[in-house]
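Laboratory data are not the source of any read-out in this text; all were calculated from the coordinates shown. All figures in this text were calculated on a predicted structure; none of them were measured in a lab. Neighbour counts run over all protein chains shown; Cβ positions are idealised from the backbone, glycine included.
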Amino acid sequence: MPRPHIQRVLMQAAALMAFAAAACATHRVETAGGLTAVPERLWSPPLVYPESLMAARVEGSVTLQARVDANGRVDRTSVHVLKSSNPAFEAPAIEMLVATRFRPASRDGSPTVAAIEVPVKFAVQSRVIDSAAAAEAAAEGQRLARAGTIGPAMETITEAQRLDTRLASSPKIWWTLCWYGSAWGYAEDLTSACDRLVAIDPDVARARDARGIARALTGNSAGAIADFEAVIAASTNPQQRAERTEWIQALRAGRNPLTPEVLARLRTREP
């Protein structure tokens with residue numbers, strides 16, 4: 001379908017990630033032991049460019065070394081910074097890599113562990129912003145997240161933020177990823193998105209509630225309790241306050257209050 005009229009303005013671009021989507025060509029992969037296939041990136045979350053550095057037009061790069069396990073997940077304890085142009089770039093680069101999902105390496109047809117080196121580039125460029133296309137991509141990314149297809153949702157939202165960097169500060173986008181991603185079973189992949197939401201959203205009840213759910217699902221009971229206590233203090237919804245009080249009691253008793261039935265209900269919440 002043809003796009004509607006697009007208003008174009010000059011603005012700054014977002015961060016660029018030196019990933020090869022198909023074959024990890026930009027990765028130096030450990031091949032000792034006769035790997036028959038190297039790790040292949042499937043999807044990554046949006047890469048957060050530190051706002052102060054973007055505003056100052058500071059560019060740079062970080063080269064990371066990590067280990068991808070047989071399930072295609074990056075072992076956080078294995079991540080090391082090999083090179084860095086600015087310490088402020090390191091944390092967002094690491095969070096992006098840890099949340100990236102790979103098709104694992106294989107040896108004789110069986111998934112196996114492999115080490116990779118990943119260059120992550122942060123570049124601010126003068127470019128034409130396509131606001132209409134960005135809005136279209138953002139809406140599609142949020143629709144995908146609500147449907148539980150979180151990998152494609154992340155890729156689509158990343159493209160939206162590339163087209164219009166102002167979307168990197170959109171609480172609605174980050175809430176959608178955090179809330180629905182957690183409700184569909186991807187909480188571990190979206191901890192950085194949930195932290196980003198809390199950092200930029202002034203609606204304490206909405207932001208902390210979403211992150212509290214993610215924290216509860218990933219075993220961070222103390223963090224979840226702190227978030228739900230903030231929700232209770234800020235919320236004007238008696239039903240929400242009562243339910244979060246019950247959740248806190250369950251967490252303190254060592255129980256997970258987010259049962260499959262509760263998660264199914266959370267997935268139906270309107271944004």
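Data overview
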| read-out | value |
| --- | --- |
| Ascending count of other beta-carbon atoms within 10 Å, so fewest first, for 158, 245, 77, 218 | 77, 245, 218, 158 |
| Sum of side-chain charges, residue 227 neighbourhood, beta-carbon under 12 Å (Lys, Arg +1; Asp, Glu -1) | +2 |
| Isotropic mean projected area of the C-alpha convex hull, region 121-182 (nm²) | 4.3 |
| Extension gain from residue 143 to residue 75, taking 0.36 nm per residue of separation minus the Cα-Cα distance | 21.5 nm |
| Computed Rg/Rh of region 40-107, alpha carbon atoms with Kirkwood Rh | 1.03 |
| For region 190-266, diffusion coefficient by Stokes-Einstein and Kirkwood Rh (Cα), 37 °C, 0.692 mPa s, µm²/s | 267 |
| Volume per residue that the Cα convex hull of region 128-266 spans, once the total is divided by residue count, Å³ | 97 |
